[in-house]
Structure formats: structure tokens, C-alpha cells
């Protein structure tokens with residue numbers, strides 16, 4: 001029919017203009033696969049798919065909304081689910097599957113450092129106002145480098161910066177508060193929360209069939225694996241995983257203390273690994289609280305955790321210092337082995353990896369959750385754009401942009417944290433002198449300090465960042 005021919009001719013014209021204007025950029029856009037093969041940019045593919053629609057397709061009624069299944073109910077998965085529903089509403093169906101959804105989120109006492117970009121994401125989703133009252137801004141960051149036996153720990157680098165007036169570079173938020181707010185918002189916005197696991201899936205050309213542990217089955221356009229570093233779904237998709245252990249474990253706990261931390265975070269670089277003190281909202285039995293992330297040689301951790309409470313607290317005091325007065329455990333210390341891991345690909349047939357399922361890094365810079373928020377923001381952009389264009393959000397063409405957007409960022413952050421840990425987790429005198437000289441030089445260069453702060457806060461990309469990281473819905 002005439003309307004169909006006009007629309008088709010308009011598309012061909014647009015394709016020709018886009019191809020002529022963007023070809024130099026497209027020629028340089030490539031992705032490296034598992035074995036070094038190259039993949040062409042998907043923009044032409046997406047336009048060609050639309051060109052091939054017949055005249056009759058333009059007269060058809062819109063199909064039902066695409067469905068996305070997110071396997072894993074962590075903070076990144078919940079944020080992505082909420083972003084999709086807030087952006088597309090009834091234009092998309094979102095199911096989140098995780099047996100942990102039946103638990104009370106208040107039991108999660110873990111604390112997370114939320115960088116400025118992550119805070120903007122939560123602001124755009126309407127979550128930040130719900131947790132801001134329990135969030136502790138980090139107003140200052142201090143780095144020291146010493147041996148455990150040194151009587152004095154000199155400060156080599158100190159950050160007192162804001163990303164913008166009134167906007168600290170990071171906040172500390174407890175996981176239970178954040179999870180509770182996200183679950184409530186997802187429920188309110190129509191996300192289907194399913195307290196069951198994704199047991200297996202079968203990817204087809206038009207959909208992925210997902211089998212849940214409660215016996216139910218569902219067809220979806222896309223399955224998102226957010227099931228952690230040991231992702232079964234990643235393995236089932238045949239996506240390779242490159243990893244190695246650090247020979248360290250992180251001991252985490254909430255420490256009560258009697259003096260105000262004044263919003264100061266401290267990172268002590270010690271031979272066994274970094275010891276981080278991160279400020280929390282005042283409260284607890286002694287009036288003030290901080291979270292510790294104590295990286296130690298894995299061979300030492302069983303002995304440390306077998307100590308009675310007072311002896312273990314004495315070991316914490318040796319590293320924590322006495323500047324905040326009397327200390328006490330508010331939560332029981334727990335240990336987690338540390339490793340590096342990255343998926344060879346972030347997408348597969350009808351599947352995309354999110355958060356720890358795609359990458360695991362050392363906690364030395366507190367960037368694990370923030371990287372996952374960046375994943376959620378980039379994947380939300382890709383899915384929302386595809387749905388609004390009438391394209392298949394689970395197709396290779398729609399997901400290539402996500403792969404391209406995240407690969408470089410994740411690789412750079414993983415390499416940086418790995419280098420920092422190797423550089424500072426030793427007591428070799430020449431290495432120590434060189435790194436302390438470097439820290440001292442950075443401390444005397446305001447421009448360089450500002451650069452590092454903006455990188456850590458996740459705002460260095462400016463307008464090139466995904467919309468959620470700029471405080472906007474996709």
C-alpha cells in the first residue's frame with residue numbers, strides 16, 4: 001500500500017544518509033571476541049532489519065510487550081529491573097527470579113560505597129530520597145603506607161574534594177536499606193518478583209525459554225544473568241571465564257567506636273593487603289560506626305577468625321588505630337576469598353551478563369558495586385532504545401552496544417585494581433619508596449587529584465556516560 005511504500009522509501013533514505021555520515025566512525029568500531037575475531041558494528045544490521053519489513057508489516061497491530069527475565073536479585077539486577085519499568089512502563093514485562101527474594105532484606109548488614117555516579121542512578125530511579133537519611137557521605141579520603149609494626153603511619157595522600165558543590169564523591173549505604181527500597185519500588189512499578197531460581201534455559205532464534213525451580217516456564221526476549229561470580233547461567237551459555245586468585249581474603253565487619261569519624265575514610269596499605277575504614281551513619285552501642293574491609297593473606301585468615309572476640313578485636317585495633325577511641329564489633333566478622341575474574345564475552349545468544357557474573361575485581365578501590373551499576377545503566381540504555389525502535393531487545397544487534405560500552409571500562413578498572421594491590425601489598429623497600437614518592441607527588445598536584453577523584457566517582461565520562469549515571473532515565 002502507498003503508506004507502506006512511503007515509509008520504506010523514507011527508511012532507505014535515512015539509511016543512506018546515516019551510512020554516508022557515520023561510515024568513518026563505523027569503520028573504526030570493532031569488538032574482539034573470544035579468539036581475537038572481529039565483529040562489525042551492528043548499526044547497519046539494525047537498519048537493514050527494519051528495511052526488510054514488508055509493506056504489510058506497517059499495517060499490523062503492535063505485538064505484545066517483550067519480556068525480560070533477570071536471574072539474580074542483587075542491587076544491580078533490581079536497579080536494572082526498575083529502570084526498565086520506569087522508562088518503558090507497560091511497553092516491557094520484567095520478571096526477576098531469585099530464591100533470596102523471600103528473605104527479609106533488613107538482615108543484610110553489609111555496607112557499600114556508592115560513588116557519585118551510582119548515587120545519580122539511584123536518584124533517577126527515585127530510590128535515593130528513600131535511603132539518603134541513612135547514607136553517610138564520605139567527605140575525606142586518607143591513604144597511608146606502612147608496616148604493621150611502624151609506630152607512626154604517615155599520610156601520603158589526602159582527598160578532600162566534591163564532584164559538584166554539595167555533592168560528595170561517595171556515600172556509604174547499608175545493603176539492607178538499599179535492597180528494601182529497591183524491592184518496594186520494583187513491586188510498585190510492576191516488576192514480577194519470583195522467589196525461585198532459573199534452573200536452565202534454551203535460546204532460540206526468536207526467544208529464550210526459561211525454566212524456573214518452581215516448575216514454571218516462560219518465554220522471553222532476553223535472559224539477564226546476574227547470578228554472581230560463580231554464575232551457572234554464564235557457564236550454561238558457553239561463555240568463557242578468565243580468573244586467578246589473589247591469595248588474599250577480605251574480612252568484613254561493622255565496628256562501633258566512641259569518637260566521631262567526621263566522614264573520613266582511611267585506607268591503610270599494609271604488607272598483608274589494604275585495610276579500609278569506611279564511615280557509616282552514627283549509631284550503635286558506642287555512638288559511632290565504621291565498616292572495615294580487611295584484606296589479609298588467606299593463609300592467615302583461619303587463624304585470625306578462630307581467635308576469641310577480644311583477641312580478634314586486638315588485631316583489628318593494631319590496624320585500625322586508636323584515633324576513634326574504644327572499639328567493639330557490631331557485626332560478626334566474615335571472610336570472603338578474593339580473586340580477579342572477567343567473562344570473555346558479556347553477551348551470548350539471548351543472554352547478557354550483569355555485575356559479578358561479568359566481572360569480579362579486588363575491593364581495594366571499592367568499585368565492585370559501582371561497576372555493576374555502570375553495567376545496569378548501559379544495559380538499560382541498550383534495551384530501552386531497542387524497544388522504542390520496535391526492535392528485538394534480545395537480538396545480537398541490540399546487545400552489541402552493551403558489550404562495546406562495558407568491555408573497555410571493566411578491563412581498565414580490573415587492571416588498575418590488580419596493579420594497585422600488587423604494588424601496595426608487599427614490604428619490599430625499593431618498591432615502597434617508589435610508591436610513596438608517587439603518592440606524595442600526586443598529593444601536591446591538585447589537577448591530578450581532581451582527575452583521580454572524578455574517575456573514582458564515575459563521572460569522568462561526562463555526557464558520554466549512560467543516561468542513568470547522569471541522573472536521567474533512559
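No lab work stands behind these numbers, since they all come straight from the coordinates. No experiment lies behind these values; they were computed from the predicted model shown. No Cβ is skipped: glycine too gets one built from the backbone with ideal geometry, and neighbour counts run over all protein chains shown.
With labels modelled as points extended 7 Å from the Cα through the Cβ direction, what inter-label distance (nm, one decimal) is found for residue 214 paired with residue 411?
Rounded to a tenth, the inter-label distance reads 4.2 nm.
For the stretch 120-172, what is the convex hull volume of its Cα atoms per residue in Å³? Let's see the in-between values first.
Values: hull volume 5.9 nm³, N = 53.
So the per-residue hull volume is 112 Å³.
Distance between the C-alpha centers of the stretch 417-470 and the stretch 75-133? Whole Å please.
28 Å
Fewest Cβ neighbours within 10 Å first, please rank 406, 344 accordingly. Don't skip to the end; give the middle numbers.
Values: 406 24, 344 14.
Ascending Cβ contact count within 10 Å gives the list 344, 406.
Looking at the stretch 242-393, what % of the alpha carbon pairs are farther apart than 23 Å? Write out the running numbers ahead of the final one.
On the way: 5624 of 11476 pairs.
Above the 23 Å cut-off, the stretch 242-393 has 49 percent of its Cα pairs.
Dividing the convex hull volume of the alpha carbon atoms of the stretch 66-105 by its residue count, what do you get in Å³ per residue?
Working: hull volume 2.6 nm³, N = 40.
Measuring per residue, one finds 65 Å³ for the Cα hull of the stretch 66-105.
How tilted is helix 368-388 with respect to the longest principal axis of the chain? Cα atoms for both, answer in degrees (0 to 90, nearest 10).
10 degrees
Provide, in order from the shortest bin, the percent of all Cα-Cα pairs of the stretch 251-328 in each 10 Å bin, continuing until the bin that contains the maximum pair distance.
Binned Cα distances yield the sequence 19, 55, 24, 2.
Kindly list the residues of the stretch 319-358 that lie in the label zone of residue 109, defined by a backbone N under 12 Å from the point 7 Å along the Cα-to-C-beta vector.
328-334
Expressed as an acute angle from 0 to 90° and rounded to the nearest 10, what is the orientation of the C-alpha long axis of helix 75-88 relative to the principal long axis of the chain?
Approximately 30 degrees, to the nearest ten.
What is the diffusion coefficient of the stretch 301-377 in µm²/s, taking the Kirkwood radius over Cα pairs and the Stokes-Einstein relation at 37 °C with a viscosity of 0.692 mPa s? Kindly include the intermediate steps, with their values, before the conclusion.
On the way: Rh = 15.7 Å.
Value of D from the Cα-based Kirkwood radius: 209 µm²/s.
Report Rg (one decimal) and Dmax (nearest whole number) for the stretch 97-148, counting Cα atoms only, units Å.
Just the Cα atoms of the stretch 97-148 yield Rg and Dmax of 15.7, 46 Å.
Using every pair of alpha-carbon atoms in the stretch 191-231, split the distances into 5 Å bins beginning at 0 and state the percent of pairs per bin, rounded to integers.
Bin by bin from 0 Å, the calculated values are 6, 21, 30, 27, 14, 2.
Show me 269-275, 441-447 ranked by packing, highest mean number of other Cβ atoms within 10 Å first.
Details: 269-275: 22.7, 441-447: 11.6.
Highest to lowest by the protection proxy: 269-275, 441-447.
So how tilted is helix 446-457 from the main axis of the chain? Cα-based, degrees 0 to 90, rounded to 10.
60 degrees
Per the Kirkwood definition applied to all pairs of different Cα atoms, how many angstroms is the hydrodynamic radius of the stretch 351-474? Write down the numbers at each step before the final one.
Values: mean 1/r = 0.0606 Å⁻¹.
Here the Kirkwood hydrodynamic radius works out to 16.5 Å.
Please report Rg over Rh for the stretch 102-190, where both radii come from the alpha carbon positions and Rh follows the Kirkwood definition.
Details: Rg = 16.9 Å, Rh = 15.1 Å.
Radius of gyration relative to Kirkwood radius: 1.12.
In what order do 64, 79, 87, 213 fall by count of nearby beta-carbon atoms within 10 Å, going from fewest to most? Numbers along the way, then the final one.
On the way: 64 6, 79 30, 87 22, 213 14.
Taking fewest neighbouring Cβ atoms as first place, the list is 64, 213, 87, 79.
Out of all DSSP beta bridges in the chain, what portion is antiparallel? Express it as a percent rounded to 5. Don't skip to the end; give the middle numbers.
Details: 62 of 83 bridges.
Bridges in the chain are about 75 percent antiparallel.
Starting from the 7 Å offset along Cα-to-Cβ, what nm value, one decimal, do you get for the label separation of residue 188 and residue 65?
About 1.7 nm, to one decimal.
With the convex hull built on the Cα atoms of the stretch 141-271, state its orientation-averaged projected area in nm².
It is 14.3 nm².
So for the pair residue 102, residue 461, with labels modelled 7 Å out along Cα→Cβ, what separation do we get in nm?
3.8 nm
Out of all Cα-Cα pairs in the stretch 149-194, roughly what percent, to the nearest whole number, are more than 13 Å apart?
Details: 768 of 1035 pairs.
That tail contains 74 percent of the Cα-Cα pairs.
Compute the separation of the alpha-carbon centres of the stretch 351-367 and the stretch 153-214 and state it in Å as a whole number.
12 Å
May I ask for the Kirkwood hydrodynamic radius of the chain, worked out over all distinct Cα pairs and given in angstroms to one decimal? Present the calculation step by step, with values, prior to reporting the outcome.
Numbers: mean 1/r = 0.0417 Å⁻¹.
It is 24.0 Å.
Could you quote the convex hull projected area for the stretch 222-279, Cα atoms only and averaged over all directions, in nm²?
Over all viewing directions, the stretch 222-279 projects a mean Cα-hull area of 7.1 nm².
With a cut-off of 16 Å, note down the residues of the stretch 135-162 whose backbone N falls inside the zone around a label point 7 Å from the Cα of residue 297 toward its beta carbon.
Correct set: 147-149.
Tell me, rounded to the nearest percent, the portion of alpha carbon pairs in the stretch 432-474 spaced more than 16 Å apart.
Details: 472 of 903 pairs.
Here the long-distance tail beyond 16 Å is 52 percent of all Cα pairs in the stretch 432-474.
Enumerate the whole-percent occupancy of each 10 Å bin, from 0 to the last occupied one, for all C-alpha pair distances of the stretch 64-138.
16, 43, 34, 7, 0
Once the convex hull of the alpha carbons of the stretch 335-378 is built, what does its volume come to per residue, in cubic angstrom?
Working: hull volume 3.6 nm³, N = 44.
Looking at the stretch 335-378, the number lands at 82 Å³ per residue.
Just want to confirm a number: the relative contact order over the stretch 103-195, from Cα pairs under 8 angstrom separated by 6+ residues, in percent. Spell out each step's value before the answer.
Working: 114 pairs, mean separation 38.7, N = 93.
Answer for the stretch 103-195 is 42 percent.
When you count, for each residue, the other Cβ atoms within 10 Å and take the mean per peptide, how do 219-228, 370-379 rank with the highest first?
Top to bottom by mean Cβ count within 10 Å: 370-379, 219-228.
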